[in-house]
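The structure under discussion appears below in the form of structure tokens.
The values are calculated or read from the model by the stated rules, or taken from the named source; none is laboratory data. None of these values were measured; they are calculated from a predicted model. Positions of Cβ are generated from backbone atoms using ideal geometry, with glycine treated the same way; all protein chains shown enter the neighbour counts. Note: areas computed on protein heavy atoms with side chains; ligands, DNA, RNA excluded. Shrake-Rupley method; radii C 1.70, N 1.55, O 1.52, S 1.80 Å.
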Amino acid sequence: MIDKPYRLVVALSAGLVAWTLLSRFAIDPGAVSFLAHKTGIAHPLRLPAWLRVLDIHIAFACLALLAGALNFAGPPKGERRRRHRAVGYAYMISVLGVCITSGYMAPYATGGRPVSMAFNLLNLIWIAVTVTALVQIRRRQVDRHRQWMTRSYAFCFTNVTIHLVETVSTHLLGMRYETAYAVSVYAAILLLPAIAELIVRRNAGKPQGTGTFTRH
């Protein structure tokens, strides 16, 4: 039986992947709407190269979302253990790919240097958290590995968090787009780890396979 929180995570991840691919390749293949808001960027934008890196960034981000959701399905046993390990490495490679491509695009972020620095900080935190999860499973600390993977997976929702906060800031609070975007990036750095920590603490002490992101 699949519990409701896990179903929600899978549905949200699949929906985000579908919407991201639809937006990028069907609705706005030239990213015109997104680029129209770019102001205060630190370096001149080389559009063809930026779009190619964006495509790679999106591909890795989608893979991270799906791989992470798959591996929260429950404690791996037997044949599933090898699949879990393979999917886990795919997730970690995807996280690295997202962070490297994000590092390339950071200097072109709306809002200039402060936002660029925020993205780079977020990338460093995400890599550090993900590596910590790997170290924990290498030490056979399964519960700690799962906790750190929860913290890592939260960053897969960075983009949607930024857009939600930016929308609220511009439409409800009346902020200028550039200011709202900067606020939303910093808000994501604070909100996502906080939400992950709430989930970790909620599941603390529960037997493996009965927590929030589980299937049993």
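Just a few scattered comments:
- Residue within region 170-179 that is in contact with a helix residue (DSSP H, G or I) (Cβ under 7 Å, 6 or more places away or on another chain), crowded, with 16+ Cβ neighbours inside 10 Å, at pLDDT below 95 and in a helix (DSSP H, G or I) present: yes
- Inter-residue pairs, beta-carbon under 8 Å, first closer than 30 Å to HIS37 by Cα and in region 84-108, second not in a helix (DSSP H, G or I), 6+ apart: PRO107/ILE41; PRO107/ALA42; PRO107/HIS43; TYR108/LYS38; TYR108/ILE41; TYR108/ALA42; TYR108/HIS43; TYR108/LEU45
- Top-ranked residue in region 64-89 [being touching a Leu at 6+ places or on another chain (Cβ under 9 Å) and farther than 17 Å from TRP148 by Cβ; ranked as modelled with the lowest pLDDT]: ARG83
- Scanning region 11-50 for residues that are assigned to a loop (DSSP other than H, G, I, E, B) and either loosely packed, with under 13 Cβ neighbours inside 10 Å or modelled with pLDDT under 80 (or both) turns up PRO29, GLY30, HIS37, LYS38, THR39, GLY40, ILE41, ALA42, HIS43, PRO44, LEU45, ARG46.
- Only a single item in (1) surrounded by fewer than 15 Cβ atoms within 10 Å (Cβ to Cβ); (2) of a type outside the set (Ser, Thr, Tyr); (3) in contact with a Leu (Cβ under 7 Å, 6 or more places away or on another chain) is not met by VAL142, and it is number (3).
- Scanning region 184-204 for residues that are open to solvent by 60 Å² or more (accessible area, probe 1.4 Å) and either over 30 Å from PHE72 (Cα atoms) or hydroxyl-bearing (Ser, Thr, Tyr) (or both) returns a single hit, TYR186.
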